[in-house]
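Heads up: the structure comes next, in structure tokens.
The values are calculated or read from the model by the stated rules, or taken from the named source; none is laboratory data. Small disclaimer: the values here were computed from a predicted structure and weren't measured. In case anyone asks, the SASA skips ligands and DNA or RNA and just uses the protein heavy atoms, side chains included. Shrake-Rupley method; radii C 1.70, N 1.55, O 1.52, S 1.80 Å.
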Amino acid sequence: MTMTAAAPTFVVEGPPDPELLRIRDLIYQSAGIFHPDNKLRLLLDRCGRRMKELKVQTLHEYSDCLTIKPTRQAELVALLNEITIGETCFFRSQLQLDALRQIVIPKILEAKSNAPLRRLRIWSAGCSTGEEPYTLSMLLLEEAQNRLKNWTVEILATDLNERSLAHANNGIYGTYSTRNLTPHYRQKYFIPAGEQLQIQPSVRSNINFGRLNLSDDARMSHMKGLDIIFCCNVLIYFDLASKRRVIQHFHDNLLPHGYLFLGHSESLYGVSDSFQLVHLPGATAYIRGEHSPGGK
């Protein structure tokens, strides 16, 4: 007979467990992700997954794993991997991508027409499992013999979740992720891999994947010289103070002609007035303004 460790049990009625609040604060301090009281059940579930893996029975024991055990940093990364599971697909927001290709890219190329270096730098901040940066790479490859002829394109793709980045580096996707692909893109940029599809080497050649915590001010301050930043459906996990810090980094790291794209339901209203909203056909974006950061 094989014995398995019992799953930890929790009492969810009544006031929140102080140890759970302690874990919530640790996550906020380390990653800027805040779980309000109505999301504590979700946090408890994610902690429960790690506790079962570690064969830990109480939140107090698990809190020790995150704070005083020698493996505390590795365990924090493992918990963040559970918390920051993203769901995305290729060509998720077609109207936004159309605006990028038809309006934003031409405007940026015009602004850089006299630059000594013909280079375009794009950052996919919170790239999850890689569908967004790969989509951007395919779009730009379509322009390689037209607008972007003789231009170097660099795509920086970062995420907090190590498992998501491993998936992105692997570059193999199933039917859910690839459901929006047209026959053109499917045939030109993918290789069949059983019942899945694998990204062609040409698509990944200009993408640099790496782990980055958006709350890491030191590392964020080094993401300089960017033409475009995509940060879609990431800031929804941050509280107002954390959002303002991240947005100020975006402002500082974008070149004067740069563009910031957020998720279609996201807005900087009340978050920052350092950006100016611009309306594009079927989409919106932000450009750098002349004001200092702060709510408006």
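A few notes on this one:
- By the rule of a C-alpha distance below 22 Å, with chain neighbours fewer than 8 residues away ignored, the lysines paired with residue 39 are 52, 243.
- Three-way shape label, the stretch 216-296, alpha-carbon gyration tensor, a/c 1.5: rounded
- Alpha-carbon Rg with Dmax, taken over the stretch 92-239, Å: 15.6, 47
- Set of lysines with alpha-carbon distance to residue 107 below 16 Å, sequence-local pairs under 8 removed: 149
- Normalised by the number of residues in the stretch 150-294, the average gap of Cα pairs under 8 Å and 6 or more apart makes the relative contact order 19 percent.
- Spatial offset of the stretch 209-267 relative to the stretch 41-108 amounts to 17 Å, using the alpha carbon center of each.
- Hydrodynamic radius (Kirkwood) for the stretch 123-196, which is based on Cα pairs only, to one decimal in Å: 13.4
- Portion, in percent, of the accessible area of the chain that falls on carbon or sulfur, probe 1.4 Å: 52
- Look at the alpha carbon pairs under 8 Å that are at least 6 residues apart: their mean separation over the length of the chain gives a relative contact order of 17 percent.
- Whole-Hz couplings from phi, Karplus 6.51/-1.76/1.60, listed for the stretch 176-186; x for Gly and Pro: 5, 5, 9, 5, 8, 5, 7, x, 4, 5, 4
- Take the stretch 151-268 with all the other protein chains still there, run a 1.4 Å probe, and you get 46 Å² of accessible area per residue.
- For residue 190, nonlocal amide neighbours, meaning residues 5 or more places apart or on other chains whose placed amide H falls under 5 Å from its own, are 200.
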